[in-house]
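Heads up: the structure comes next, in structure tokens.
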Amino acid sequence: MNLKRVFPIIAVLLVVFLAGCNKKDAITGVLPEVTSTNPISDATNIAIGSKISAVFSVAMNPSTITTTNFTLMNGTTVVAGAVAYSGTTATFTPAANLLTATTYSGKITVTATNADGLGLAKDYNWSFTTGGVPDVTKPTVVSTDPSSNATGVLLNKAIVVTFSKAMDATTVTSLTYSLNQETNSVAGTITNTTTTATFTPTGGLAYGKIYTGTITTGAKDLAGNALAVNYTFSFTTLPAPDIALPMVNATDPLDDATGIVAGKVVTLTFSEAMTASTINNTTFTLKQGLALTPVEGVVTYAGLIGSFTPTSALAANTDYYATITIGAKDLAGNALAANTVWSFKTGLAPTVSSVDPLNLAVGVLTSKVVTATFNVPMNQSTITANTFTVTQGTTPVAGVVTYTGSTASFDPTYYLTQGTLYTVTITTGAKNLLGFPLASNKVWSFTAETVTLASGAVDLGAAANYVILAKTGISNISTSAITGNLGLSPAATSYVTGFSITNATGYATSAQVTGKIYAADMAAPTGINLTTAVQNMITAYNDAAGRPTPDFLELGTGNIGGKTLTPGLYKWTTDVTLPSDVTISGGANDVWIFQISQNLLMSSGVHLNLIGGAQTKNIFWQVAGQATFGTTSHFEGIIMSMTGIVFQTGASFKGRALAQTAVVLDGNAIILP
């Protein structure tokens, strides 16, 4: 080998290698850099008492940061001073205040190296100019991160304090910047930039703790000005993560419950707050019967309670199965440990246990109140004229529906027609207290009586369409309150006086009448209807007057004051007077007919009282003379008078006033039976 030729080659390679080592190490080293200075290059009006600092990109070898390679020059004159190094910051402290209005230049040479021995790529130079006045402004803390009173702070958070001006890094150390958890000091390291100091806790922070940071007055700016007072701030870290699985604490209905209502909303209560979006129709379901048919419904969540509201009422006597799956999660994302399933059974549907009249009954009284008794208490609001009906063929029968105990009653407004078949229907709209309807409509029929008995009700026919019906006139001396229709025929509308009527087509109205006013001269078919009603009124009068074989004859010689009148046919050939209160006692289907050959006279203030369920519509007063009722008296029944009917001032009346002449009113309250 020609060594003369090899040695020069080796020498060249060695030079190249050494040159490369001045820039970075042979494997992974990165050359350090000066990232910032304070004052910055070309800054002006710098305080004469300032310290000069430079921040490196990486931690440096403190032994290489000295007055040899970190110098400050006034022109060609070296400024005396000392150099200190902390974190990534080198600080030059002049031995005396700088001169005013003077330009200084700083320099850090390539001999400043990092921990790997790598130096700057080249010398770093910058300059600044001092001002004419010393800096005496004290620094302040302008912000912290986390901010004071912050919550939910991450455990790996580095605590940063930002000052109002450049600080002397040598004064912002563990002696002046501390972090405590209650009375316990937190270990950590502090790094500085020009205006910030960062505390990095060793091992991080703890869950759910309050930490307090403190910067003391030992922290100073580059001019040597200290904080005026200690600065403190505090923050709270994240709470410990929730890893507990949620549970179902309660269900409604309870598991295996029975007798559940039709409109039941199925609910469950969780042990902790849940994520609402996970409580839905996928995770919370309701199924019906052994076939486990899905039930449609709406799922909601509020508080700790999930609710399933069925779209339709639940079926009677049916098993239901509710499920909440592990898809339901709490706010931390923890799911139920297992699906929760529970079951319940709804209550029974109601039935009609008995009816009156019985199905296919005949000879039923024309005044009959139709009743149906249920096997359980019903929801009264569902027993109405819509769910309990009586029809004659396809024609509805007018009547009033009531409900007491477990019995529903239909009281026809008018007497039933003799020898006629009626059909009674209670629909599935009738529901019990649990909300369940009848399984199917209850339908039965009966036939009204075909023979008029001596004590049977009087058929009013079309006359029953009126509370007052007269032939010659209806007069009202003072303001009255009348409920029901008024009819006058063959007299014309002009013979209806004292009502301030308003004419309409075929009828008239008045503020004193809750109903309509009809007269013979009004538009068709009013005239024909009234003629029929008057004829029926006369027929009813003759029927009542012709009933044979009275049960009571000349009772009290015409004075019935203070008496209690039981059902039956009564007859007098004299006047009948009521000088004191009279009581009519009997049941809902009992009938009273009073045949009076002369006048009916009731004294002022006297009352006729009904007890035992007796009904006004079943009381008939056939009066050949005039019926007169004294002031403030109260009378009830169907008055059929050949001569006339007079209500004196303030008298009240419940029934129908049917006169073959006139009816006179004077501030009276008249209502339908």
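Would it be correct to say that V362 is surrounded by fewer than 15 Cβ atoms within 10 Å (Cβ to Cβ), farther than 23 Å from D252 by Cα and in contact (Cβ under 8 Å) with a residue 12 or more places away in the chain? For V362, the condition - surrounded by fewer than 15 Cβ atoms within 10 Å (Cβ to Cβ), farther than 23 Å from D252 by Cα and in contact (Cβ under 8 Å) with a residue 12 or more places away in the chain - is met.
Return the residues of segment 593-626 that are assigned to a loop (DSSP other than H, G, I, E, B) and not hydrophobic (A, V, I, L, M, F, W, C); say none if nothing qualifies.
Within segment 593-626, S597, Q598, N599, S603, S604, G605, G612, G613, Q615, G625 meet the criteria.
Of the conditions (1) without any contact (Cβ under 8 Å) to a residue 40 or more places away in the chain; (2) of a type in the set (S, T, Y); (3) assigned to a strand (DSSP E or B), S445 fails just one. Which one is it? So the condition that S445 fails would be (1). Note on segment 459-489: residues that are in a strand (DSSP E or B), under 19 Å from T539 (Cβ atoms) and either hydrophobic (A, V, I, L, M, F, W, C) or outside the structural domain of N542 (by TED's automatic domain parsing) (or both) total 4.
Just one residue in the set T212, T237 is under 18 Å from P146 (Cα atoms), at pLDDT 95 or above, surrounded by 14 or more Cβ atoms within 10 Å (Cβ to Cβ) and in contact with a Ser or Thr (Cβ under 7 Å, 6 or more places away or on another chain); that residue is T212.
Out of all the residues in segment 652-667, which are part of a strand (DSSP E or B) and surrounded by fewer than 24 Cβ atoms within 10 Å (Cβ to Cβ)? Can you show your working first?
Pass one, segment 652-667, residues part of a strand (DSSP E or B): 652-659, 662-665.
Hits for segment 652-667 are S652, K654, G655, A662, V664.
Restricting segment 458-487 to residues that are in contact with a helix residue (DSSP H, G or I) (Cβ under 6 Å, 6 or more places away or on another chain) and among the aliphatic types (A, V, I, L, M) leaves a set whose member that is surrounded by the most Cβ atoms within 10 Å (Cβ to Cβ) is L469. So, Y211, is that one of a type in the set (F, W, Y) and assigned to a loop (DSSP other than H, G, I, E, B) or not? No: the conditions fail for Y211. Identification of strands (runs of 3 or more DSSP E) wholly contained in segment 288-379 with 3 or more residues that are closer than 16 Å to L434 by Cβ and out of contact with any His (no Cβ under 8 Å at 6 or more places or on another chain) yields 340-346. Screening T631 with (1) buried (at least 21 other Cβ atoms within 10 Å of the Cβ); (2) in a loop (DSSP other than H, G, I, E, B) gives one miss only, at (1). Out of T387, T371, one residue alone is farther than 21 Å from G456 by Cβ, outside the structural domain of V591 (by TED's automatic domain parsing) and hydroxyl-bearing (S, T, Y). It is T387. Scanning segment 278-291 for residues that are at pLDDT 95 or above and among the hydrophobic types (A, V, I, L, M, F, W, C) yields I279, F284, L286. The residues on offer are A115, A121, A166, A150, and the sole one that is at pLDDT below 90 and either out of contact with any His (no Cβ under 7 Å at 6 or more places or on another chain) or surrounded by fewer than 16 Cβ atoms within 10 Å (Cβ to Cβ) (or both) is A115. If the condition is being surrounded by fewer than 16 Cβ atoms within 10 Å (Cβ to Cβ) and at positive phi, then segment 562-616 contributes G562, G605, G612, G613. The numbered conditions (1) surrounded by fewer than 23 Cβ atoms within 10 Å (Cβ to Cβ); (2) outside any strand (DSSP E or B); (3) free of Cβ contacts under 8 Å to residues at least 60 places away in the same chain are all true for T649 except (3). From the list D242, D255, the lone residue that is touching a Phe, Trp or Tyr at 6+ places or on another chain (Cβ under 7 Å), under 30 Å from A332 (Cα atoms) and surrounded by fewer than 17 Cβ atoms within 10 Å (Cβ to Cβ) is D255.
Return the only residue of A262, A250 being among the small types (G, A, S) and either surrounded by 14 or more Cβ atoms within 10 Å (Cβ to Cβ) or in contact (Cβ under 8 Å) with a residue 60 or more places away in the chain (or both). Outline the logic, then answer.
Details: A250 fails: either surrounded by 14 or more Cβ atoms within 10 Å (Cβ to Cβ) or in contact (Cβ under 8 Å) with a residue 60 or more places away in the chain (or both).
Result of the check over A262, A250: A262.
Each residue in segment 385-400 was checked for being surrounded by 15 or more Cβ atoms within 10 Å (Cβ to Cβ) and either over 18 Å from T423 (Cβ atoms) or under 40 Å from the mean Cα position of the chain (by Cα) (or both), and 4 pass. Look at segment 559-576: where a residue is modelled with pLDDT of 95 or more and a partner is among the aromatic types (F, W, Y), sitting 6+ places away or on another chain with Cβ atoms under 6 Å, you get Y570/F552; Y570/F594. Scanning for something farther than 24 Å from A669 by Cα, touching a residue at least 40 places away in the same chain (Cβ under 8 Å), touching a Phe, Trp or Tyr at 6+ places or on another chain (Cβ under 7 Å) and among the aliphatic types (A, V, I, L, M), does segment 524-547 turn up at least one residue? Looking for residues that are farther than 24 Å from A669 by Cα, touching a residue at least 40 places away in the same chain (Cβ under 8 Å), touching a Phe, Trp or Tyr at 6+ places or on another chain (Cβ under 7 Å) and among the aliphatic types (A, V, I, L, M), one finds at least one in segment 524-547, hence yes.
The values are calculated or read from the model by the stated rules, or taken from the named source; none is laboratory data. Quick caveat: nothing in here was measured; it's all calculated off a predicted structure. As a convention, Cβ positions derive from the backbone with ideal geometry for all residues, glycine included, and neighbour counts pool all protein chains shown.
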